[in-house]
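Have a look at the structure below before the remarks.
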Amino acid sequence: MAFAKNPEFSLWGMDRCDRLNVEVLPFDAQDPCEHNGQSSEELEEIFHRGTGCPGIPHIIARCKEHIHGKNTTSFDCDMANHHICAFTFTLLERLILSEHYPDLSMEARKRVIEFTLNSNALYMGGEFIGQVTAAASGHDAFNTEAKDTSKFFNFIQLEGGLGAILRELCTGGVRTENYQELLCKLTPQHLNSQTHSDINFLLYEYTLCALDGYYACFEHDQISKYVKVILSNILTSDIPFEEIILPCLVQSAFGQYLMRKTSKLGESNVLEWATDLANMVPAAVDRWGKMSKKNKSSHRWNSMSPTKQSRLTSLKPLTRGEEFDNVQKTGSKKERNVLAVRKLDECPMCESTVNLKQCKCNLISYCSAECQTKHWKVHRAIHKKAMKC
């Protein structure tokens, strides 16, 4: 049952089978009872700006779906679905820990990776899948006085092994700190041998999303010392920068902030660009932790796709000039929208973010005197108003 390639047994809840009037469901079938996880993008952005936590609308959406019968349980007295999970994962754990069946032990580790890729197994497995993942990944061996890392490095050599650890890490729990310590032991040479999908998970889903505040289980002070090491190692590895690393940075609020700090942005020598970013990571992570929620929101706006920005036009950041116009119209700074954030400075002529210098009116910045001269006809009117004030 634990090793069947196309298992007909079900880790699905018995209540779900009852509702669909079937005996079993294929392992990889789409769960019609699973929540859609859909929430309002606008509501999510409002909560993120106000609280720094974007997950609240998602929780509200799940509660709404519970009311309509999705992702719920019938609370069978025999708890059959959970017993199947407990039996399966306990069997795998014992095989992994056994020294008598090395072949089966290896197959059990591979099977654990398969289970971590299945959302239903993660949902129904709960603490059992967390326990067997800890045994398979070398976490338990590391959590001793010997601090043995050999099982960890053996596990990440398996396809999807690193991703399995990261999925468990992102759920939070008591094992979080040890997992992060193990990830810090991944040198650039170790990272070079990982699949691009696992690197993407490590860089974006864990490191950048944790810094952006998408995980309630990660406080900045708890993760900062780990993400500094991990991010620096990724940037100094041989992982394709433009193909793998850059797209992740572009989609992240912290990634946008980090890229704006380098003077080598866009240079043809990608290696110099990556090295420059790596050198700035420690200080940038510290400054990011002290930054206000509104300033982070400005960087998050730049990380959104143009399509998403067009859907959230009511929350579009305001330039200094637009803020000044609003104050002139209302006559008071107190009447401005509390959810409004300021657009990050960029040259209005060439959109450069490097070597910017503010105009004397403090409403706009330019990268060069040439751009300032070209833009003077557009800026002149508001400049004179600002200088009078």
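The values are calculated or read from the model by the stated rules, or taken from the named source; none is laboratory data. None of the values given here were measured: they were computed from a predicted structure. All Cβ positions, even for glycine, are placed from backbone atoms using ideal geometry, and neighbour counts span all protein chains on display. Heads up: the accessible areas ignore ligands, DNA and RNA and are worked out on the full protein's heavy atoms, side chains in. Shrake-Rupley method; radii C 1.70, N 1.55, O 1.52, S 1.80 Å.
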Positions within segment 334-366 being under 13 Å from Glu323 (Cβ atoms), part of a loop (DSSP other than H, G, I, E, B) and at pLDDT 80 or above, in sequence order: Val341, Lys343, Asp345, Cys361, Asn362, Leu363, Ile364
Among residues of segment 344-384, those that are open to solvent by less than 80 Å² (accessible area, probe 1.4 Å) and out of contact with any Gly (no Cβ under 7 Å at 6 or more places or on another chain), counted: 23
Residues being open to solvent by less than 60 Å² (accessible area, probe 1.4 Å), farther than 15 Å from Gly160 by Cα, touching a helix residue (DSSP H, G or I) at 6+ places or on another chain (Cβ under 8 Å) and in a helix (DSSP H, G or I) - total across segment 89-133: 13
Test: residue in segment 150-170 that is over 24 Å from the mean Cα position of the chain (by Cα), farther than 30 Å from Asn295 by Cα, touching a residue at least 60 places away in the same chain (Cβ under 8 Å) and assigned to a helix (DSSP H, G or I): no
Residue count for segment 171-193, restricted to those that are in a loop (DSSP other than H, G, I, E, B) and open to solvent by 10 Å² or more (accessible area, probe 1.4 Å): 8
Residue count for segment 241-262, restricted to those that are touching a Cys at 6+ places or on another chain (Cβ under 8 Å) and under 20 Å from Leu356 (Cβ atoms): 1
Scan of segment 250-285 for residues that are assigned to a helix (DSSP H, G or I), at pLDDT 85 or above and open to solvent by 70 Å² or more (accessible area, probe 1.4 Å), ordered by number: Asn279
Among (1) closer than 25 Å to Gln194 by Cβ; (2) modelled with pLDDT under 85; (3) open to solvent by 20 Å² or more (accessible area, probe 1.4 Å), the one test that Asp78 misses: (1)
Cβ pairs under 8 Å, 6+ apart, first in segment 266-286 and on the phi < 0 side of the Ramachandran plot, second modelled with pLDDT under 90 and among the polar types (S, T, N, Q): Trp273/Thr262; Asp276/Thr262; Asp276/Ser263; Leu277/Thr262; Met280/Thr262
